[in-house]
Amino acid sequence: MVKLSIKYLLCLLLLLISVLFVQCEKDIELELKKEGNKMVLYSFIYPDSVFRLHFSNSVDVLSKDNYKFVDNGLFKLYVNDYYKGKFNFPENEVSGEWRNFNFSAGDSIRLVAIDATPDTATANTFIPQTISIEKLDSVSSKYQGTDGILYEVLKCNLKFTDPKYQEDYYQLVIVQERWEVIDDVEAYYREVVDYIKDDPVFYSRNQEGTLMEGLDFHGMFDDEVIKGSYNLQCLVPSSYYKLYWFDKKVKLTFYLYHHTEDYYRYFRTKLISDYYNGLPIFEPVNIHSNVENGIGLVSGVSFTLDSLVFVPDE
Amino acid sequence: MIRRDLLPVYKVFFVFIALLFAQLVHGQSPLQTTVKIEERKGSTRFFLNQIESGSGVVLSYSNKLCFSNELICPYSETNIQTLLDWLFEDCPAIYIERNNKVIIKSKTLRQKKVTISGYVKDGSSGEVLIGANMYDKETFYGTTSNNFGFYSLTLPAGNISLNSSYIGYQKFSKSLSLIRDTFIIIKLQQRAELNEVSVLGVYIPSELESTSIGTIDVPMHQIRNMPVFLGEEDVMKSIQLLPGIQSGGEGFSGLFVRGGGPDQNLIMLDDVPVYNVGHLLGFFSIFNADAINKVSIVKGGFPARYGGRLSSVVEIRTYDGDSKKINGSASIGILSSRASLNGPIIKDKLLYSLSFRRTYFDLISAPFQWNKEEKEKYFFYDLNGKLSYYLSDKDKFYVSAYGGKDEYTVKYNYQDISTSNDEDESTKTINDTRSSGWGNLILSARWNHVFGKKFFSNVTTTVSDYRFYISQTQNYMLGEQWKYIYQRYFSGIRDFGVKVDFDYLPIARHYVRFGGSYTQHLFYPGIDVVMSDINDIAPVDTTYGGNSLLRPEAHLYVEDDFNVFKRFKVNLGVHFSSFFSESKSYYSLEPRLLARLLLSSKVSLKGSYSEMTQYVHLLRTANVALPTDMWLPVSDNIKPMRAKQSSIGVEWSIRKDMFLSVEGYHKKLNNILDIKAESSFFDYSLNWESMLVSGSGVSDGIEFLLHKKSGSLSGWFGYTYSETYNKFDELNNGKAFPASTDIRHDISMFLSYQFNKMVDGGITWAFGSGIPISLPSDKYYAPELPTAQYEEATGYNMLISERNSYRMPNFHRMDIGFNFKKKKKWGMRIWSTGIINVYGHQNPFFLYFDDNMNEETGDSYWSLKQFSLFPFPLPYVRYTIKF
């Protein structure tokens, strides 16, 4: 389905104005505040998974580099308000693994980062509870695109229950795995499915219609229109599950991520910020951060999964 | 024989008898003296003189009695009293006899009032003159003609000296003896030295007399004298050169008025609100100067009749048309051509006015794109039309319309395809198309009626429709048949309104206005239409979305402009408004007060207080005006924006034609809206309400205007210092920050010089402090997100520590222009030429970061760059004929 790109047209229009009116560009001297040196932390914490950390310093906006290594970086970890230990961040690295920790869903985590200055940055997060996929149904269907053409799709219904009395943030990611055998040579492919997001949870602003090209938030949604048990509908184009003569098996795995609000906001603002990159007529978008006295994102992530398997008829 | 001793007695007796006889012969009451009227036709004064000369009786009278210019005496011979009774029968007088003298006084001089009313018009074309001053030179009671040229002035009966003045016209002065209510159409003649009066005037009816503060009239002939961008006369650009008003960027038509945003201005064309005033992203305004009669702007001190926006009201009135003869003009410029025609269909009864403008950049560029695979086309046009029907002096009807559109089209993917039918086979070329456009359609129908002499009414019905659309047509082959898909998105606003206004002028000291309006807003936040011939039967027309929002808005007002004391005048009023959202009703009662104190005959002190409420707001796409900007109503969650503004000012008439005004203001804004720091217009996953944050703002400023109104050299110098801050709990960590409209220093200068009757020139210079912008302070690491569906990582993020903490470089530009006129048999031709940006200053359009290469070392580095439009002197030329 073709989307109308307003961004494309605006760019062309600006280009036209430039041609029409004659334009020029030049370096200007504007006294920029030389900031930089802010502590930058990242960590995406999964239950029962390796605890990876990022630690770096920000740089001046005019710097050619994107970051600066941290000297004598040190982390302190608190889980459910209990001090769990410290971790010396490796020199001249931007990521490190802090082993011997096992987190569980529901854990609240406080991460304190200290550098040589010694400045301290703190991030608080938690690991959301996993939300079970209670049921996964699928049925072959037709989908009429805005171009009027009927497309063959797999209509999938994914049932889950949204916890009451709290704001929850989700993401549905579908991964296709394909095993092929051609001339006795086995091949394996893995691809993220670009499914049709026509469930209301993906488009609250439905007044805008469907033709305007909006931002794709990678299947993220909140529970604004969800009350308790919910059947999330998504449409998987046939190209992702159709079996060819050489296919041995196709598997569609549905990952239902349960995110923190911080992750949700960081993800969205990052996408919006990148979308506007190169278009200075738009007000720049600040990317969300949950690091006090620093920048970045420390967030717990949990997920459940279910899958559909397609095999050739015997 | 008479006894000598009795002689004195006889003398006395005879004297007594003589006196008695004389009394009998001559000495009856002077009023009873018979007078023979020799000439029976003449004025009151003529007959009074005849009475005096014919009777020997001296008449003493006040010149405030009722005098007539033409009377025919019904008597050939009668006594003085009868004659006087006849002469002053319309305003009874009393007569006091003193010996041989009669003193005539008006019996009801203080009680009787008469009303003089009518229209003020251009003497040659019959076009009404809006805002013309009308006053009695004797008493200094005065008024101004309203938006339809109507005036009404109630004065004590008697002799008056009626004066009327209007910028660019000869002063009208006539002595009248007011006996009864009188209707007069005043026809002012244009001054021969019209072009010498290069004034963009602060509207001061009777100069210092008016209570108006922060109100400016922009006469159209002044706008035509200004140097103009690409030769396009532009109302909005001219307004931007006034103190307290800025453009917000190079070339834009948007108005930043006293710290307010561009959506806080109510711009009305013949009483109809216009929602998008820009062609070509705002580089040109939609108003064709050929069609416009009058432009005025109120930026503070709002009388009660205005409402609906926080920062300004711009009223644009179009020409009715010449009532005597057909005339018109045609003009060719670099960017566009235009033509206008107006005149009577029925002389003095039914008039028309038409004007049309279109760009031809698309026509010029077409040959250069002949062989290109992708062809672009851009054009805009606007068409104004008006019909005026003067049924009588008391009833006038008007119908006016405006239609304008911008369209940008890209054609690509050209293919030659074969088509066949039963008989033959042929080939044709098809292409895919992307198109974007926007436009306004404005309609109004009005009826003016004058009730008696003091009551003027205007009923207006309006339609205002603004649309933005973006569409795409694609061809594709299905089987062996070519098909096409057409998709279209549009958004906009459509208003249907009715408005009733009354002007009531009971006595000279009062000017009462009251009225109301009702508007049905239809907001279209986005509709999709899809058409396809896929079924081979008929195109499928599918509409998606369609959640139009119907929102009613109503306004009522009453105001009185009156003298409290001789030197102290106020305009007191109240404006009531209401708006209905989904399930909530909003109401607002807004007091308005304007006051003027005459400190001397040359200095007046003025002050005002007004509260304003705004129920619609513009969801802006970007920092510049884009057609995608969407008008949206207040809702259950989004409250109306409100403003309280107070101002105080002094006006000093330095000379007869030179004024200095100093005005300070304080404006407080509440419930103003902005997009959340973490949101975007293109984020369709959120409804638009949840993208907005509500906050407050405050703007303070002082404005100076030195203004020379006439002479060979005329013009003005304006300076504004202002500060505007906004504060939102959810933006900038809750700290106040400079608003995007915060332009600290603003200087504007316009000078016009009349070299001779055929050549005039104008020069403008504008300076503005840089507008605030947000720039990132840090770059920092950005990891690939673990749940990203596909990789979009740029490797780094940018941090904006503080909102609007930087400012663009200052803006300044000088433009110069000349008009060379020549009279022809058929009328006049005018060559207009000039240079925009005379000294080639590179003004910032926007700033951005970019990679650079050091040519010596080969090292790359980041730098902040400025993008400028027309960075060097840009000449223009336009050829105009008028007939």
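Compute the Rg to Rh ratio over the stretch B:428-490 from the alpha carbon atoms, using the Kirkwood formula for Rh, and round to two decimal places.
1.47
Rounded to the nearest angstrom and ordered from largest down, what semi-axes does the equivalent ellipsoid of chain A get from its C-alpha gyration tensor (root of 5λ)?
Details: eigenvalues 276, 192, 82 Å².
The answer is 37, 31, 20 Å, longest axis first.
For the protein assembly as shown, divide the Cα radius of gyration by the Kirkwood radius and give the resulting Rg/Rh value with two decimals.
Using Cα coordinates only, the ratio equals 1.12.
Report the calculated FRET efficiency for B:Asp657 and B:Glu374 (r = Cβ-Cβ distance, R0 = 51 Å), to the nearest 0.05.
Efficiency computed from Cβ-Cβ geometry: 0.35.
Indicate the residues belonging to the stretch A:47-89 that lose 10 Å² or more of solvent-accessible heavy-atom surface (probe 1.4 Å) upon moving from the chain alone to the assembly of all protein chains, ignoring ligands and nucleic acids.
The answer is A:His54, A:Ser58, A:Val59, A:Val61, A:Leu62, A:Ser63, A:Lys64, A:Asn66, A:Tyr67 - residues whose exposure falls by at least 10 Å² when every protein chain is included.
Short version: which residues of the stretch B:751-780 lose at least 30 Å² of accessible area, all chains versus chain alone, 1.4 Å probe?
Those are B:Ser774, B:Ser777, B:Asp778, B:Lys779, B:Tyr780, which lose 30 Å² or more relative to the chain on its own.
With a cut-off of 17 Å, note down the residues of the stretch B:473-511 whose backbone N falls inside the zone around a label point 7 Å from the Cα of B:Glu425 toward its beta carbon.
Once the point is set 7 Å along Cα→Cβ of B:Glu425, B:480-482 turn out to lie under 17 Å by backbone N, inside the stretch B:473-511.
Ignoring ligands, DNA and RNA, how do B:Ser400, B:Ser712 rank by accessible area with a 1.4 Å probe, largest first?
Sorted by accessible area, descending: B:Ser712, B:Ser400.
Most mobile of A:Val173, A:Val139, A:Val79 per a Gaussian network model of chain A (Cα springs, under 10 Å)?
Top of the fluctuation ranking is A:Val139.
Between A:Val181, A:Val192, A:Val250, where does the largest GNM mean-square fluctuation fall for chain A, given springs only between Cα atoms within less than 10 Å?
The residue with the greatest mean-square fluctuation here is A:Val181.
Can you give the relative contact order of chain A as a percent, counting alpha carbon pairs under 8 Å and 6+ residues apart?
20 percent
Based only on Cα atoms, what Rg/Rh ratio does the stretch B:678-769 have, Rh being taken as Kirkwood's radius?
In the stretch B:678-769, Rg relative to Rh is 1.26.
How charged is the neighbourhood of B:Tyr352? Take every other residue with its Cβ under 11 Å from the Cβ of B:Tyr352, and add Lys/Arg as +1 and Asp/Glu as -1.
So the surrounding residues net to -1.
Rounded to the nearest 10 Å², what accessible area does A:Asp247 show when all protein chains are kept and the probe is 1.4 Å?
Rounded to the nearest 10, the figure is 10 Å².
Using 0.36 nm per residue of separation minus the Cα-Cα distance, give me the extension gain between B:Phe397 and B:Ala330 in nm, one decimal.
Numbers: separation 67, 0.36 × 67 = 24.12 nm, distance 2.76 nm.
Full extension of this stretch gives 21.4 nm more.
If all Cα-Cα distances of the stretch B:608-649 are sorted into 10 Å bins from 0 onward, what percent lands in each bin, rounded to whole numbers?
Bin by bin from 0 Å, the calculated values are 24, 34, 30, 11.
Looking at the stretch B:282-359, what % of the alpha carbon pairs are farther apart than 18 Å?
Numbers: 1679 of 3003 pairs.
More than 18 Å apart: 56 percent of the Cα pairs in the stretch B:282-359.
Rounded to the nearest 500, what is the protein assembly as shown's calculated 222 nm mean residue ellipticity when only DSSP H runs of at least 4 contribute -39500 (n - 2.57) each, over all residues?
For the protein assembly as shown, the value works out to -2000 deg cm²/dmol.
Once you order the gyration tensor axes a ≥ b ≥ c over the Cα atoms, which shape class does the stretch B:238-367 get: rounded for a/c under 1.5, otherwise prolate or oblate by comparing a/b with b/c?
Since a/c reaches 1.5 but b/c is at least a/b, the shape of the stretch B:238-367 is classed as oblate.
Using modelled backbone amide H atoms (1.01 Å from N, in-plane), which distant-in-sequence or interchain residues come within less than 5 Å of B:Leu153's amide H?
Sorted by chain and number, the residues that satisfy this are B:Ile116, B:Ser117.
Express as a percent, rounded to the nearest 5, the fraction of DSSP beta bridges in the protein assembly as shown (both residues included) that run antiparallel.
In the protein assembly as shown, DSSP labels about 95 percent of beta bridges as antiparallel.
Using a 1.4 angstrom probe on heavy atoms only, work out the carbon and sulfur share of the accessible area of the protein assembly as shown in %.
54 percent
Treating only the Cβ atoms of Lys and Arg (+1) and Asp and Glu (-1) as charged, compute the dipole magnitude of chain B about its Cα centre; round to the nearest 20 debye.
6040 debye
When ligands, DNA and RNA are left out and all protein chains stay put, how many square angstrom of accessible area per residue does the stretch B:23-106 have with a 1.4 Å probe?
55 Å²
Can you check what the net charge comes to around A:Asp81, using other residues whose Cβ is under 14 Å from the Cβ of A:Asp81 (Lys, Arg +1; Asp, Glu -1)? Walk me through the intermediate numbers first.
Details: positive: A:Lys76, A:Lys84, A:Arg110; negative: A:Asp107.
Counting the neighbours of A:Asp81, the net charge comes to +2.
For A:Val50, what is the net charge nearby, where nearby means another residue's Cβ is under 9 Å from its Cβ and Lys, Arg count +1, Asp, Glu -1?
Its environment carries a net charge of +1.
Would you mind getting the Kirkwood hydrodynamic radius of the stretch B:23-106 from its Cα pairs, rounded to one decimal in Å? Intermediate values should be presented prior to the final figure.
Values: mean 1/r = 0.0785 Å⁻¹.
That comes to 12.7 Å for the stretch B:23-106.
Using the Kirkwood formula over every pair of different C-alpha atoms, what hydrodynamic radius in Å results for the stretch B:113-191?
Numbers: mean 1/r = 0.0816 Å⁻¹.
It works out to 12.2 Å.
What residues in the stretch B:470-518 lose 10 Å² or more of accessible surface when the other protein chains are added to their chain alone (1.4 Å probe)?
Output list: B:Ile470, B:Gln472, B:Gln474, B:Tyr476, B:Ile485, B:Gln487, B:Tyr489.
How big a patch of accessible area, both sides summed and in Å² to the nearest 100, lies buried between B and A at a 1.4 Å probe?
9800 Å²
Go through B:Lys386/B:Lys499; B:Lys396/B:Lys823; A:Lys34/A:Lys270; B:Lys299/B:Lys349; A:Lys159/B:Lys779 and tell me which ones have a Cα-Cα distance over 30 Å in this structure.
Beyond 30 Å between Cα atoms: B:Lys396/B:Lys823; B:Lys299/B:Lys349; A:Lys159/B:Lys779.
Over all pairs of distinct alpha carbons, what does the Kirkwood formula give as the hydrodynamic radius of chain B, in Å?
With all distinct Cα pairs of chain B included, I get 31.6 Å.
In a Gaussian network model over chain A where Cα atoms closer than 10 Å are linked, find which of A:Leu150, A:Leu235, A:Leu252 has the largest mean-square fluctuation.
A:Leu150
Rank these by accessible area, largest first, 1.4 Å probe: A:Tyr266, A:Tyr151.
The most accessible residue leads, giving A:Tyr151, A:Tyr266.
What lysines sit close enough to B:Lys483 to cross-link, taking a C-alpha to C-alpha distance under 30 Å and skipping anything fewer than 8 places away on the same chain?
In chain and number order, the partners are A:Lys3, A:Lys7, A:Lys142, A:Lys155, A:Lys197, A:Lys242, B:Lys372, B:Lys375, B:Lys377, B:Lys405, B:Lys411, B:Lys428.
The values are calculated or read from the model by the stated rules, or taken from the named source; none is laboratory data. Given the structure is predicted, the values throughout are model-derived calculations rather than measurements. Virtual Cβ from ideal backbone geometry, glycine too; neighbours counted across all protein chains shown. Heavy atoms of the whole protein, side chains included, go into the accessibility calculation; ligands, DNA and RNA do not. Shrake-Rupley method; radii C 1.70, N 1.55, O 1.52, S 1.80 Å.
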